[in-house]
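Report on the structure given below.
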Amino acid sequence: MSKHTAYDDAYVSEDLEHALGEDGDTGTHRHAEFTSDDVDVTPATWKDGKRYAWLLGIFVPTFPFLAWGLVELTGWDLFWFTGVGLIFVIFPSLDYLGGFDDTNPPASVMAWLEQDRYYRWCTYLFLPVQFAGLIFSCWKWGSGELSTVAEFGLATTVGMVNGIAIATAHELGHKRESVERWLSKIALAPTGYGHFFVEHNRGHHVRVSTPEDPASSRMGESFWRFLPRTVAGSFTSAWKIEAAHRRRAGKAVWSIGNDNLGSWLMSVVLFAGLCVVFGIEILPWLLVQAVLGFSLLEVVNYLEHYGLARQKRPDGKYELTTPQHSWNANNTVSNVLLYHLQRHSDHHANPLRRYQALRHFDESPQLPTGYAGMILLAVLPPVWFRVMDRRLVEHYGGDVTKANIMPSKREKLLARWQPPAASGA
């Protein structure tokens, strides 16, 4: 299996062909096209070494049950925080021990690999376990048996599950099959972040690695400054995109058919139903886990495109999206648990490509560790800047002017990382 240094055919869906600008006009977006030089290998002679490892993704939504089991076994309420411990302690350690996997499926098996429905069921099965864990947690919150600390601990564990569920929703939401798109919205319901379905597919993928994208972080921008900007910006962008889409189609904006309104209604109905069954006292914990869940998504957004920029062409339009516009990580364990989300460059080049077929590109900038470890760095801005700014400048050959820089930090960063010409002068 070979590594890739050149692109192969990119398919752009209808969702990605049009997106709204600030003035409500539509813009056209295209990805770069790739060619492949892989040798001919048939499905009969090639095996996916991670085929059964993908089932480990279903382990994530079992966190609430695992936490309960550990508490029952030990009597220690500390284990209600199991989700946090697994994601920020155990998984980074497993990433270190599990090593890297930068191998790619041969081009000759890609079509066969993508049509294998086994891989789809690995994502479908996440959802019933996710909702079983949510219902179980609501029962525990409403039982009156837990201390406030234990209730909060359980909320953090549920938040981690529903935050990672957004990665599952991300995989499903990019597909053409209506059932998968509906499953994507269902997976988003526990976090109340249903507008991600619209903004990510028709906003972020069009404007990625540009100053106009609320989900692309800028050099010098801490996660804590990025978080409110991306939450507000994504909400606003999703509403503008869907409203304009419906107006162009001659449909009412304020309608259940509006993807944003329909998705938010799912969350309202879900939360209301759970409160009716288990008591209104569970509502604060539902809100806590939702905030933690979508914050986990946004910290991943923060690290995926930090400081990377698509340059403007002479005609004023941005260059095509390439593997150089996303940070990648090849840590085996994280990639299996997140359905190859860390192979983000290929995803942006080929947004409809299924997770099992996503590939590594040598020219993609690489993160020093997997997402779990990078999140720990992101919440500590001085450490993040120390680790990532140098990597970003090296990616641009020392020319920091090519980066997507936070406007208020531009002069300071240009002085700190002088472009080669300036240094020579």
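Quick rundown of the values:
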quantity: Qualifying positions in segment 307-317 - in contact with a strand residue (DSSP E or B) (Cβ under 7 Å, 6 or more places away or on another chain) and either assigned to a helix (DSSP H, G or I) or surrounded by 17 or more Cβ atoms within 10 Å (Cβ to Cβ) (or both); calculated: Gly307, Arg310
quantity: Pick from segment 244-277, criterion part of a helix (DSSP H, G or I) and among the polar types (S, T, N, Q), ranking: surrounded by the most Cβ atoms within 10 Å (Cβ to Cβ); calculated: Ser263
quantity: First in segment 172-186 and over 18 Å from Asn162 (Cα atoms), second anywhere and in a loop (DSSP other than H, G, I, E, B), Cβ under 8 Å, 6 or more apart; calculated: His174/Ser13; His174/Pro351; His174/Leu352; Lys175/Leu352; Lys175/Arg354; Arg176/Ser13; Arg176/Leu352
quantity: Selection count, segment 263-300, where residues are touching a Cys at 6+ places or on another chain (Cβ under 6 Å) and under 29 Å from Phe223 (Cα atoms); calculated: 1
quantity: Cβ pairs under 7 Å, 6+ apart, first in segment 36-59 and surrounded by 10 or more Cβ atoms within 10 Å (Cβ to Cβ) and of a type outside the set (Gly, Ala, Ser), second modelled with pLDDT under 75 and outside any helix (DSSP H, G or I); calculated: Asp38/Ser2
quantity: Residue in segment 60-78 that is of a type outside the set (Gly, Ala, Ser), touching a residue at least 24 places away in the same chain (Cβ under 8 Å) and either over 25 Å from Thr148 (Cβ atoms) or in contact with a strand residue (DSSP E or B) (Cβ under 8 Å, 6 or more places away or on another chain) (or both) present; calculated: yes
quantity: Options Thr148, Thr62; residue that is among the hydroxyl-bearing types (Ser, Thr, Tyr) and under 24 Å from Gly373 (Cβ atoms); calculated: Thr62
quantity: Of the criteria (1) of a type in the set (S, T, N, Q); (2) on the phi < 0 side of the Ramachandran plot; (3) outside any helix (DSSP H, G or I); (4) touching a Leu at 6+ places or on another chain (Cβ under 9 Å), which one Ser184 fails; calculated: (3)
quantity: Filtered residues of segment 323-365 (kept if more than 21 Å from Phe59 (Cα to Cα), hydroxyl-bearing (Ser, Thr, Tyr) and part of a helix (DSSP H, G or I)); calculated: Ser345
quantity: Gly293 being touching a residue at least 60 places away in the same chain (Cβ under 8 Å), under 17 Å from the mean Cα position of the chain (by Cα), part of a helix (DSSP H, G or I) and under 18 Å from Val379 (Cα atoms); calculated: yes
quantity: Only one of Leu73, Leu20 that is surrounded by fewer than 17 Cβ atoms within 10 Å (Cβ to Cβ) and either under 28 Å from Thr321 (Cα atoms) or at pLDDT 85 or above (or both); calculated: Leu73
quantity: Residue under evaluation Leu320, criteria (1) touching an Asp or Glu at 6+ places or on another chain (Cβ under 9 Å); (2) under 25 Å from Gly98 (Cβ atoms); (3) surrounded by fewer than 22 Cβ atoms within 10 Å (Cβ to Cβ); (4) not charged (D, E, K, R), criterion not met; calculated: (2)
quantity: Selection within segment 240-284 - hydrophobic (A, V, I, L, M, F, W, C), in contact with a helix residue (DSSP H, G or I) (Cβ under 6 Å, 6 or more places away or on another chain) and in contact (Cβ under 8 Å) with a residue 12 or more places away in the chain; calculated: Ile241, Met266, Leu270, Phe271, Leu274, Phe278, Ile282, Leu283
quantity: Odd one out for Cys138, checked against (1) buried (at least 16 other Cβ atoms within 10 Å of the Cβ); (2) farther than 22 Å from Gly293 by Cα; calculated: (2)
quantity: Ile241 being part of a helix (DSSP H, G or I) and of a type in the set (Val, Ile, Thr); calculated: yes
quantity: Output for segment 329-339, where each listed residue is closer than 12 Å to Ser364 by Cα and surrounded by fewer than 22 Cβ atoms within 10 Å (Cβ to Cβ); calculated: Asn330
quantity: Residues of segment 331-386 classified as in contact with a Leu (Cβ under 6 Å, 6 or more places away or on another chain), over 18 Å from Asn301 (Cβ atoms) and at pLDDT 95 or above, total; calculated: 1
quantity: Matching residues in segment 105-143 - criterion: being within 15 Å of Val276 (Cα to Cα) and acidic (Asp, Glu); calculated: none
quantity: Residue match in segment 393-408 (condition: in contact with a helix residue (DSSP H, G or I) (Cβ under 6 Å, 6 or more places away or on another chain), among the charged types (D, E, K, R), more than 16 Å from Ser216 (Cβ to Cβ) and in contact (Cβ under 8 Å) with a residue 12 or more places away in the chain); calculated: no
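The values are calculated or read from the model by the stated rules, or taken from the named source; none is laboratory data. Source: prediction; values computed, not measured. Heads up, the Cβs are rebuilt from the backbone with ideal geometry, glycines too, and the neighbour counts pull from every protein chain shown.
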